[in-house]
Amino acid sequence: MKKSKGVLALMLAVLVLIGCVRVPERTMAALKLSQTEAVMTVGDTLELSVTGTKKKVKWISSDPETASVDTQGVVRAVKEGDAVITARTGKKKLKCFVTVVPLPLSGFWTADSAPAESLREYVAKVTDETDEGFIPVRDRIAVFDMDGTLTCETFYTYYDTMMFIEFCLKDHPERVSEELKEAAREIKPGYTAGEELARNFARAYKGMTIDELYDYAVEFGQKKTESFENMRYIDGFYLPMVEVVEFLYENGFTIYVVSGTERTTSRAIVANSPISEYVSPAHVIGTEFEVKQKGNEETASNMDYKYADGDELVFTGGFIQKNLNANKSIWIEREIGQRPVLAFGNSGSDTSMMNYCLDHRNPYPSQAYMVVADDGEREWGKQDWTQKSEEYLAMGYVPVSMKNDFAEIYPEGIKPAEKQYTEPEEALLNAA
């Protein structure tokens with residue numbers, strides 16, 4: 001009997017060796033942390049777990065002020081920075097490396113800003129491929145008015161108006177008529193930036209090449225305004241709105257500036273501003289002055305001559321259109337060819353652009369935001385928030401309070417002067 005058992009054992013060993021019989025293995029799942037690295041936004045939570053053990057897990061954060069963790073492994077992002085979350089079970093330690101990034105629009109917007117939260121939610125929705133409101137990158141078009149929306153436009157800081165005054169009364173009085181000089185002197189607070197004033201601008205720059213006007217606009221931007229301390233004209237961009245442009249750009253939006261300022265001047269401003277890397281010259285739409293090839297200014301049709309190497313394009317003094325009101329929606333259609341899904345403005349002259357964006361025929365979810373200049377301490381804003389916000393809400397826009405939504409408006413060191421403006425010629429004398 002013992003001999004039989006020995007033979008059987010030997011036969012079993014041989015069968016195992018040749019793979020005919022498998023001996024069952026006792027297995028244990030490997031100890032594992034559900035995630036070993038994570039990027040979180042301030043305010044987000046992440047639930048971590050450990051598998052492969054029945055022992056109690058102790059959770060530890062290397063920096064609870066950056067990323068805290070509770071007894072159940074739930075991580076909460078507190079502030080920007082890095083932290084290591086450790087899961088300790090017995091003698092084993094498992095680590096998750098966490099990077100906490102700021103909440104979008106938290107740099108220069110107040111923490112409780114409803115418009116900022118509205119925009120964050122909108123962008124999260126339209127960039128989520130699983131959401132029914134998803135918008136493909138090619139159709140993520142955002143349009144911004146410039147003066148009063150991206151930059152300061154209160155007198156004495158309205159860029160193109162002050163540039164016209166400076167051009168006529170100080171820098172190039174020899175190039176303009178007495179009539180235009182008088183028009184520059186007559187500009188006072190509360191003036192209308194309408195078509196007639198734009199026609200005067202066009203006449204003032206008659207004979208200048210496109211490059212010459214562009215260069216002069218850049219040069220003018222280095223001059224200081226009388227309305228603020230330590231502010232050049234090019235420094236008038238609102239920091240919170242620059243943050244919006246960057247946020248949208250990083251989320252696949254194409255940004256257009258649609259301005260009532262002449263196009264060449266607008267391009268010069270944008271190219272030398274904090275939004276320069278987010279907006280290309282091709283994406284600047286503005287008021288149009290007539291341009292022709294030098295030597296053919298009086299030729300009726302551009303079809304009657306041809307461009308040759310070295311030719312210059314010059315302003316004729318003629319005026320084509322002021323890019324306000326209905327012209328904004330018309331030129332958006334003509335130059336972009338589709339409806340934007342986001343629009344940002346600050347006044348009634350932007351409502352056509354806003355309404356074109358919000359039109360019920362827009363195939364995508366759309367929103368429009370209106371900046372209200374209601375901050376009389378850090379800016380020269382005099383608009384009434386209650387009146388304006390109610391008006392804009394009734395029109396379907398999201399109103400933005402400079403006073404309550406903008407944590408900061410301008411770079412450090414810039415603040416309103418003792419008085420908002422002076423007479424043009426007095427201001428030029430002071431600047432000299």
Residue ranges of helices (runs of 4 or more DSSP H) in the stretch 361-432 with at least 3 members out of contact with any Gly (no Cβ under 8 Å at 6 or more places or on another chain) and at pLDDT 95 or above:
385-394
Report yes if some residue within the stretch 62-69 is more than 30 Å from Ser366 (Cα to Cα), modelled with pLDDT of 95 or more, touching a Gly at 6+ places or on another chain (Cβ under 8 Å) and of a type in the set (Ser, Thr, Tyr); otherwise report no.
yes
Is there a residue in the stretch 394-413 that is farther than 22 Å from Phe237 by Cα, among the basic types (Lys, Arg) and assigned by TED's automatic domain parsing to the domain that holds Tyr205?
no
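Answer yes or no: is there a residue in the stretch 340-354 that is in contact with a Lys or Arg (Cβ under 6 Å, 6 or more places away or on another chain), surrounded by 22 or more Cβ atoms within 10 Å (Cβ to Cβ) and in a helix (DSSP H, G or I). Walk me through how you get there before you give the answer.
To start, the set of residues in the stretch 340-354 that are in contact with a Lys or Arg (Cβ under 6 Å, 6 or more places away or on another chain) comprises 352-353.
Cutting the leftovers down to surrounded by 22 or more Cβ atoms within 10 Å (Cβ to Cβ) gives us 353.
This time we only want the ones that are in a helix (DSSP H, G or I), so: 353.
The answer is yes; a qualifying residue exists.
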Failed condition for Gln222, given (1) at pLDDT below 95; (2) of a type outside the set (A, V, I, L, M, F, W, C); (3) surrounded by fewer than 17 Cβ atoms within 10 Å (Cβ to Cβ), with all others met?
(1)
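The values are calculated or read from the model by the stated rules, or taken from the named source; none is laboratory data. Bear in mind the structure is a predicted one, so any value in this text is a computation, not a measurement. Note that each Cβ is placed from the backbone with ideal geometry, even for glycine, and that neighbours are counted across all protein chains shown.
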